[in-house]
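Everything below concerns the one structure shown next.
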Amino acid sequence: MEQLPGTLAERLEAVRQGVRDAAASASRSEAEVKTIVVTKFQPASLVAELHSLGVRDVGENRHQEAQEKAHELRDLDLLWHFVGQLQSKKARQVRAYTHAVHSVDRLSLVDALDAFDEPLDCFVQLNLTDDPARGGVASAGLEALVEHVLEARGLRLLGVMAVAPLGEEPRSAFARLRAASERVRRLDPAAWAISAGMSHDYPAAIAEGATHLRIGTAITGNRPQAG
Ligand SMILES: *Cc1c(COP(=O)(O)O)cnc(C)c1O
């Protein structure tokens, strides 16, 4: 894998500039677009360095790793976003340190995440491929899942999330996500957020209305382990 150039601060600034440029081309305000830095496989020290550079929203995709880092960095005002596939039996533990779960993809996970606490922010993840092994609910199941989240007192639905499939133009994939977002807004006008856009496709996601970008390697550099 090629090594990304520059320091962490330089890569962060380059992505911030890329977000400003993409928002300007889409005639959107950059204030509508939040960047979550995905720090999976990266050490807690790198997350602390990101915090010193002004980052507050960070994303992780594995519970144990996320829990350890959130504990180690508990004195920093970080917001942890869970973006990976989540086992129902880990749901309660994830709730304890997480600000938002982006990967709600089935009815049983809604039940497992629901609690009598402060509502937890969440997104329903849509599968944009035809492969059921990929994360996310199939398009046909979207409304039923959304309605179940809306019934859960312990969850607050922000909107939809997806990963662009390999081998498809990201812009057309994100256009399908935007159409799904409109279906969700018919059920709950407040659930208008769209979590989409990674290192290689975030300009296309911004063009299709993304409000939450999940960017890893373009900022952190290559991950220490494959994953
Ligand atoms: C790893 C990951 C990202 C970030 O991917 P990069 O290509 O490193 O930007 C975003 N979303 C999810 C769900 C991920 O697992």
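The values are calculated or read from the model by the stated rules, or taken from the named source; none is laboratory data. Bear in mind that the values here come from a model prediction, so they are computed numbers and not experimental data. Note: areas computed on protein heavy atoms with side chains; ligands, DNA, RNA excluded. Shrake-Rupley method; radii C 1.70, N 1.55, O 1.52, S 1.80 Å.
A few remarks follow.
- The alpha carbons of the range 24-108 stretch over 43, 33, 19 Å along the principal axes, in descending order.
- Of all accessible heavy-atom area on the chain, the percent that carbon and sulfur account for (1.4 Å): 51 percent
- Listed by number, the DSSP H helices of the chain that run 15 Å or longer by alpha-carbon position along their axis and have mean Kyte hydropathy of at least -1.0 are 8-25, 170-187.
- The Cα trace of the range 8-220 gives Rg and Dmax of 16.3, 44 Å, the first to one decimal, the second as a whole number.
- The amide H of GLY216, built 1.01 Å from its N in the peptide plane, has VAL38, SER199 as neighbours under 5 Å, considering only residues 5 or more places off or on other chains.
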